[in-house]
1. Of all the accessible heavy-atom surface of the chain, with the other protein chains kept in place and a 1.4 Å probe, what percent is carbon and sulfur?
2. If the cut-off is 19 Å between C-alpha atoms, which aspartates and glutamates fall inside it for Lys138, apart from same-chain ones fewer than 8 positions away?
3. Over every pair of different alpha-carbon atoms in segment 81-196, take the mean of 1/r and invert it; report that Kirkwood radius in Å.
4. At what distance in angstrom do the alpha carbon centres of segment 160-197 and segment 238-280 lie from each other?
5. Using Cα-Cα distances under 8 Å and only pairs 6 or more residues apart, what relative contact order does the chain have, in percent?
6. Averaged per residue, what accessible surface does the chain expose to a 1.4 Å probe, in Å²?
7. Note down the net charge around Trp342, summing +1 for each Lys or Arg and -1 for each Asp or Glu among other residues with Cβ under 11 Å from its Cβ.
8. Just the Kirkwood number for the chain, please: inverse of mean 1/r across all distinct Cα pairs, in Å, one decimal.
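The values are calculated or read from the model by the stated rules, or taken from the named source; none is laboratory data. Note that this is a predicted model, so its numbers are computed, not measured. Note that each Cβ is placed from the backbone with ideal geometry, even for glycine, and that neighbours are counted across all protein chains shown. Areas reflect the complete protein model, heavy atoms only, side chains present, ligands, DNA and RNA absent. Shrake-Rupley method; radii C 1.70, N 1.55, O 1.52, S 1.80 Å.
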Amino acid sequence: MGESLNLLPASFPDFRREAEKNLPRFLFDYIDGGAGAEVTLRRNTADWEAVQLTQKVLCDASKMDCSVELFGRKLAMPLVLAPVGMGGMTARRGEVQAKRAADAAGIDFCLSTVGICPMEEVATVSDRPFWFQLYMLKDRGIVQEILERARAHGVETLAFTIDLAVLGTRYRDIRNGMAGGLGPWGRFRSGALDYALHPGWAVNVGLLGGPHGFGNIAPYVKQSKNPRDYLHWTGTQFDASVTWKDIEWLRGIWPGKLVLKGVLDVEDAKQSVAIGADGMIVSNHGGRQLDGVASTATMLPRIADAVGDQTTLLVDGGIRSGQDLVRALALGAKAALVGRPWVMALAAGGEAALTRMLGLMKQDMRTALGLSGAINARDVGREVLLNG
């Protein structure tokens with residue numbers, strides 16, 4: 001059997017394939033890759049695929065509803081665009097395009113601390129609130145100022161990343177020279193030559209898409225001109241000494257919803273509830289931190305059994321389809337977040353491609369709901385699973 005014509009993207013691998021064509025190698029690998037041998041990266045997707053749904057028929061699928069309520073707001077489907085560092089480099093002013101697409105799809109967008117577009121720019125897209133993701137910096141004064149800015153620009157939900165005390169060892173980034181150590185030829189190959197091989201990106205993003213710094217922290221980073229300069233600054237500012245006491249401090253100064261991102265352990269989940277977090281994201285940082293840890297599909301039901309009735313559970317890592325959204329709901333999440341899918345779609349074709357991908361995910365979810373007998377996303381439970 002021959003290959004498809006590939007005239008239109010139908011699923012995540014299609015968008016990923018186009019992104020790989022369009023992006024400089026270092027940037028594609030930074031987004032696509034994981035830590036170490038990428039065992040956990042592969043598990044994340046494989047373990048969702050292994051979750052088998054039931055097929056139930058004659059259930060009146062005419063009143064199907066993909067919407068859910070999350071933190072008092074309605075989402076058209078149980079999906080949030082996850083924070084992705086440097087996500088805005090995949091298309092011109094990428095986070096702005098992503099926010100517009102999320103708004104149109106009726107879902108929420110979360111801006112990374114190390115996104116390219118500053119919160120002030122993202123806030124101009126619409127009055128719909130967006131989430132903000134925070135890393136703890138050594139300078140707590142900067143942290144407080146960033147939170148005050150976020151609040152002033154309509155942010156109601158703060159996702160605080162707790163699994164970055166030590167940066168994961170990412171072999172692809174080392175091979176591409178993102179960690180430094182390149183000689184003149186290496187710098188030429190990873191820079192000018194790679195850009196010349198990707199002229200569309202070089203012109204649209206490289207030349208016309210600036211500034212290319214991390215917009216949210218730009219006021220605090222002096223004499224930095226490009227993402228690598230900013231990565232060096234964040235490497236010196238990310239605080240490895242963070243403990244639960246710092247979360248208590250954060251809870252005390254942040255008046256909105258506080259969601260802890262990076263919970264992968266039952267005891268940590270219980271502590272998150274005890275400390276007053278409004279929710280948590282079961283996450284292994286997309287397989288980018290500690291290679292070899294469990295997938296989020298494996299840990300979500302265990303954490304749901306322990307604390308699911310006491311908090312708002314979310315999940316990320318390996319979610320690639322609307323069917324995966326139904327699986328996540330069935331295993332105990334209220335919604336899921338996706339990172340690579342939205343930035344790959346942007347790289348493949350900008351806002352229009354992302355809008356298409358979100359539409360495909362919703363249609364895929366409708367199919368899964370209608371043929372599993374669930375019908376209403378808010379009612380999905382383990383009864384839709386073969387081994388539920």
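1. C and S atoms contribute 52 percent here.
2. Those aspartates and glutamates meeting the cut-off are Glu148, Asp163, Asp229, Asp239, Asp246, Glu248.
3. One decimal place: 16.0 Å for the Kirkwood radius.
4. 31 Å
5. Relative contact order comes out at 29 percent.
6. Heavy-atom SASA per residue in the chain reads 43 Å².
7. Computed value for this residue: 0.
8. Computed over the chain, the radius equals 21.3 Å.
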